[in-house]
Amino acid sequence: MSNLITILAIESSCDDTSASVIQDGNVLSNHVANQDVHKDYGGVVPELASRMHDKHIVPVVDKAIKAAGIQISDLDAIAFTRGPGLLGSLLVGVNFAKSMALGLNIPLVEVNHMEAHVMAHFAEAPYPEFPFLCLTVSGGHTQLVLVDGYNQMSVLGSTIDDAAGEAFDKTGKIIGLPYPAGPVIDQYAQKGTPRFDFTKPSVGEFDFSFSGLKTSILYFLQDQVKEDPAWVDDNLHDICASVQHTIVTILLEKLEYTAQKLGISRVAIAGGVSANSELRTRLQALADTHGWKAFIPSFDYCTDNAAMIGVSGYYRYLDGTFSDQSIAAAPRLSMTT
Ligand code: KG4
Ligand code: ZN
């Protein structure tokens, strides 16, 4: 028996099944099984996602425990994503976590997926000091979050329609790219020039909007294709560069405005879209210009992963925040703090 606190974390909110072992806040293992089945559908098909979680959960947990070099009997708690996410996907992880905690007679720690994306910054050094401002950009959410402590955060603003990741994915669908289109657009954009202008939204001071951009891109492309059916193929790299440049500009203008308004000099990004190369480079440049400190997660901790669930769960464990066996998945779980 060691005095270290060892937590198994489970993430199954969307289309990635992940398990991780965290010891005293340090990541010992982090295993993710992606789901390729959604590629041709332009988005995640919930029914297929739950079936794949069901197939992956046992081998994924097994790999995470073996890679961590621990025994199941070493575990002090099971942390799991309670929400937000797809109900069928969450149910697999929640019920697995509950059964395992029941079988081992150890505590259950529920974690909010969006809080966990922010807490990914404590999966590895350098750790941000508090307070810091985090732009959380994923496939389902876009939030500006003020972080005052471990799992202590408040949402200052969010998207009123599509999320930033959705803007990438839906644009990708329009131009015929597979789902998820974000990483593909990122790749193509590196070979292109952002020479097309798209309209930028004007919304509440800390809020975002992306559905107008999607419509503006759609109409622009339809007009071009009317004149020349091969236009999209011939200009693919420049289209991707322009779309990406616009999305990143919208995100960073709000982040800059908010940080200045709040007088905050530590800025961070989190969530799947924080893997975007232009967002990462331009955030660092913005921070350098203002003399701010930028915190940019490693790629493994940007997209969905259980390490971030384990890190968030570890700080909840230290606070003694446990759930009992009556806990249920919460697809629309909001930030509580
Ligand atoms: O956080 P995440 O893995 O899952 C959710 O909680 O939604 O985020 C997935 C999103 C997708 O929309 C995907 O297209 C986007 O992150 N994404 C990217 C990149 N990598 C993933 N978007 C832009 N550039 C990337 N390199
Ligand atoms: Zn996520």
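The values are calculated or read from the model by the stated rules, or taken from the named source; none is laboratory data. Keep in mind the model is a prediction, meaning the values are calculated, not measured. Don't worry about glycine lacking a Cβ; one is built from the backbone with ideal geometry, like all the others, and counts go over all protein chains shown. Accessible surface areas use protein heavy atoms only, side chains included; no ligands, DNA or RNA. Shrake-Rupley method; radii C 1.70, N 1.55, O 1.52, S 1.80 Å.
Can you spot a residue in segment 275-282 that is more than 14 Å from ligand 1 (Cβ to nearest atom) and either open to solvent by 10 Å² or more (accessible area, probe 1.4 Å) or touching a Lys or Arg at 6+ places or on another chain (Cβ under 6 Å) (or both)?
Scanning segment 275-282 turns up no residue that is more than 14 Å from ligand 1 (Cβ to nearest atom) and either open to solvent by 10 Å² or more (accessible area, probe 1.4 Å) or touching a Lys or Arg at 6+ places or on another chain (Cβ under 6 Å) (or both).
Just for segment 259-285: of the residues that are in contact (Cβ under 8 Å) with a residue 24 or more places away in the chain and more than 20 Å from Gly157 (Cα to Cα), which one is nearest to the chain's Cα centre (by Cα)?
Across segment 259-285, the extreme among qualifying residues is Ala275.
Going through segment 318-332 one residue at a time, which ones are open to solvent by 40 Å² or more (accessible area, probe 1.4 Å) and among the aliphatic types (A, V, I, L, M)?
Leu318, Ala328
Within segment 298-317, which residues are open to solvent by 10 Å² or more (accessible area, probe 1.4 Å) and under 13 Å from Gly271 (Cα atoms)?
Within segment 298-317, Ser298, Phe299, Asp300, Tyr301, Thr303, Asp304 meet the criteria.
Look at segment 28-65 and say how many of its residues are touching a residue at least 24 places away in the same chain (Cβ under 8 Å) and among the basic types (Lys, Arg).
2
How about segment 283-310: which of its residues are charged (D, E, K, R) and out of contact with any Lys or Arg (no Cβ under 7 Å at 6 or more places or on another chain)?
Within segment 283-310, Asp288, Asp300, Asp304 qualify.
Look at segment 204-226 and say how many of its residues are buried (at least 16 other Cβ atoms within 10 Å of the Cβ) and within 25 Å of the chain's Cα centre (by Cα).
Going through segment 204-226 one residue at a time, the tally reaches 9.
Counting only residues that are among the β-branched types (Val, Ile, Thr) and over 17 Å from Lys98 (Cα atoms), which one in segment 12-35 is nearest to ligand 1 (Cβ to nearest atom)?
Step by step, filter segment 12-35, then rank; the result is Val32.
Of all the residues that make up segment 305-337, how many are assigned to a helix (DSSP H, G or I) and within 23 Å of the chain's Cα centre (by Cα)?
12
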